[in-house]
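Undergrad: Structure in structure tokens, see below.
The values are calculated or read from the model by the stated rules, or taken from the named source; none is laboratory data. Please read all numbers here as calculations on a predicted model, not as lab measurements. We place every Cβ from the backbone using ideal geometry, glycine too, and count neighbours over all the protein chains shown.
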Amino acid sequence: MSLCLEDLTIHKSDGSQLFEPLNYALGSGEILALMGPSGCGKSTLLDVIAGHLSTEFNYRGSVYLNDNRIDQTPAHLREVGILFQDDLLFPHMMVWENLAFALPNSIKGSNRKSQAMAALKNIELSMLAESFPDQLSGGQRARISLTRMLLAKPKVALLDEPFSKLDKALRGQFKDWVFEQLKQADIPALIVTHDDEDIPNNAKVLKWPWSKQYA
């Protein structure tokens with residue numbers, strides 16, 4: 001699997017450019033850390049890839065996933081997984097229901113619950129299956145959120161400063177766990193951050209200002 005950005009740049013509605021055209025190819029199991037200050041366009045770039053770009057912006061260039069151009073494809077058909085700072089679990093659903101919701105539509109009936117329960121067993125949180133998100137700790141919510149994202153079988157993972165709201169003691173442990181799960185999934189992953197501690201040792205890094213010279 002591969003994610004390719006070709007001459008990708010973003011403009012504000014007033015015409016100003018957030019960054020120079022970006023060219024980059026990321027293969028299966030590879031991680032790219034995109035670093036930069038607040039407001040430089042890190043999260044907005046993820047929005048372009050995922051298909052959630054605000055009307056305040058427009059982009060130029062192309063995004064390819066496995067040689068298929070996806071930037072003109074509806075967001076729900078792109079097979080892009082996203083992990084945000086906030087876990088965004090559905091508060092009215094139990095934990096197993098949150099996980100089952102993410103499963104592909106090809107999985108039907110009771111198989112949805114059984115696969116959700118199997119996922120909880122794999123991350124050693126079976127005892128939380130019938131809990132609601134507001135009954136979980138921050139670390140538990142974070143693990144459930146990543147697991148839900150991976151159950152959807154994405155072909156690329158986007159991480160938007162996913163560790164920034166965790167306390168220091170939990171942050172390092174969760175970071176290692178996240179990247180181990182992504183390694184097992186063997187999909188390209190793009191993380192945006194301004195913190196060097198968020199970056200795994202095997203990641204490629206683009207530091208601000210981004211430029212074609214890094215491609």
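Undergrad: Considering only residues of segment 1-40 that are small (Gly, Ala, Ser) and under 24 Å from ASN202 (Cα atoms), which is modelled with the lowest pLDDT? First the steps, then the outcome.
TA: Of the residues in segment 1-40, the ones small (Gly, Ala, Ser) are 2, 13, 15-16, 25, 27-29, 33, 36, 38-39.
Filter once more, so that each one left must be under 24 Å from ASN202 (Cα atoms): 2, 25, 27-29, 33, 36.
Working: SER2: 91, ALA25: 93, GLY27: 94, SER28: 93, GLY29: 93, ALA33: 93, GLY36: 85.
The selected residue is GLY36.
Undergrad: For segment 62-120, enumerate the residues that are out of contact with any Lys or Arg (no Cβ under 6 Å at 6 or more places or on another chain), in a loop (DSSP other than H, G, I, E, B) and either on the phi > 0 side of the Ramachandran plot or among the aromatic types (Phe, Trp, Tyr) (or both).
TA: ASN66, ASP67, PHE84, LEU88, PHE90, GLY109
Undergrad: Out of all the residues in segment 12-22, which are surrounded by fewer than 16 Cβ atoms within 10 Å (Cβ to Cβ) and under 17 Å from LEU53 (Cα atoms)?
TA: LYS12, SER13, ASP14, GLY15, SER16, GLN17
Undergrad: If the Cβ limit is 6 Å and pairs must be 6+ apart or interchain, which residue in segment 180-209 that is within 17 Å of SER28 (Cα to Cα) and in contact (Cβ under 8 Å) with a residue 12 or more places away in the chain pairs with which residue that is in a loop (DSSP other than H, G, I, E, B) and among the acidic types (Asp, Glu)?
TA: These pairs meet every condition: PRO188/GLU30.
Undergrad: Condition first: closer than 20 Å to PRO154 by Cα and either loosely packed, with under 13 Cβ neighbours inside 10 Å or not hydrophobic (A, V, I, L, M, F, W, C) (or both). Now tell me which residues in segment 93-113 satisfy that.
TA: GLU97, ASN98, PRO104, ASN105, SER106, LYS108, ASN111, ARG112, LYS113 - these are the residues of segment 93-113 that are closer than 20 Å to PRO154 by Cα and either loosely packed, with under 13 Cβ neighbours inside 10 Å or not hydrophobic (A, V, I, L, M, F, W, C) (or both).
Undergrad: Please find, among GLU180, GLU124, GLU130, the residue that is acidic (Asp, Glu), surrounded by fewer than 16 Cβ atoms within 10 Å (Cβ to Cβ) and in a helix (DSSP H, G or I).
TA: On the way: GLU124 fails: in a helix (DSSP H, G or I); GLU130 fails: in a helix (DSSP H, G or I).
Step by step, each of GLU180, GLU124, GLU130 is checked, and only GLU180 is acidic (Asp, Glu), surrounded by fewer than 16 Cβ atoms within 10 Å (Cβ to Cβ) and in a helix (DSSP H, G or I).
Undergrad: Does any residue in segment 10-22 that is polar (S, T, N, Q) come within less than 9 Å, Cβ to Cβ, of a residue that is in a strand (DSSP E or B) six or more places away or on a different chain, and which pairs are these?
TA: These pairs meet every condition: SER13/PHE57; SER13/ASN58; GLN17/THR9; GLN17/ILE10; GLN17/HIS11.
Undergrad: For segment 1-23, how many residues meet the condition of being assigned to a strand (DSSP E or B) and within 17 Å of the chain's Cα centre (by Cα)? Break it down stepwise before answering.
TA: Quick first cut of segment 1-23, residues assigned to a strand (DSSP E or B) only: 2-12, 17, 22-23.
Checking the rest, the ones that are also within 17 Å of the chain's Cα centre (by Cα) come to 2-5.
Of the residues in segment 1-23, 4 are assigned to a strand (DSSP E or B) and within 17 Å of the chain's Cα centre (by Cα).
Undergrad: For the subset of segment 149-176 comprising residues that are modelled with pLDDT of 90 or more and more than 11 Å from the chain's Cα centre (by Cα), which member is farthest from MET93 (Cα to Cα)? If you could, list the steps in order and put the result at the bottom.
TA: Applying the first criterion (modelled with pLDDT of 90 or more) to segment 149-176 yields 149-160.
Next cut, more than 11 Å from the chain's Cα centre (by Cα) only: 151-153.
Values: LEU151: 16, ALA152: 17, LYS153: 21 Å.
Going through the qualifying residues, I end up with LYS153.
Undergrad: Here's another thing I want to ask about it. Counting just the residues of segment 166-215 that are among the β-branched types (Val, Ile, Thr) and in contact with a helix residue (DSSP H, G or I) (Cβ under 7 Å, 6 or more places away or on another chain), which one comes out nearest to SER137 (Cα to Cα)?
TA: Step one: of segment 166-215, the residues among the β-branched types (Val, Ile, Thr) are 178, 187, 191-193, 199, 205.
Subsequent filtering for residues that are in contact with a helix residue (DSSP H, G or I) (Cβ under 7 Å, 6 or more places away or on another chain) retains 178, 191-192.
Details: VAL178: 17, ILE191: 23, VAL192: 24 Å.
The selected residue is VAL178.
Undergrad: Still on this structure, please answer the following. Anything in segment 24-49 that is within 13 Å of the chain's Cα centre (by Cα), of a type in the set (Gly, Ala, Ser) and either surrounded by 20 or more Cβ atoms within 10 Å (Cβ to Cβ) or in a strand (DSSP E or B) (or both)? List them, or say none.
TA: ALA33
Undergrad: Can I ask one more? Looking at segment 32-50, can you tell me whether even one residue there is in contact with a Pro (Cβ under 6 Å, 6 or more places away or on another chain), of a type outside the set (Val, Ile, Thr) and touching a residue at least 40 places away in the same chain (Cβ under 8 Å)? First the steps, then the outcome.
TA: Within segment 32-50, the first condition is being in contact with a Pro (Cβ under 6 Å, 6 or more places away or on another chain), and the residues that meet it are none.
No: zero hits.
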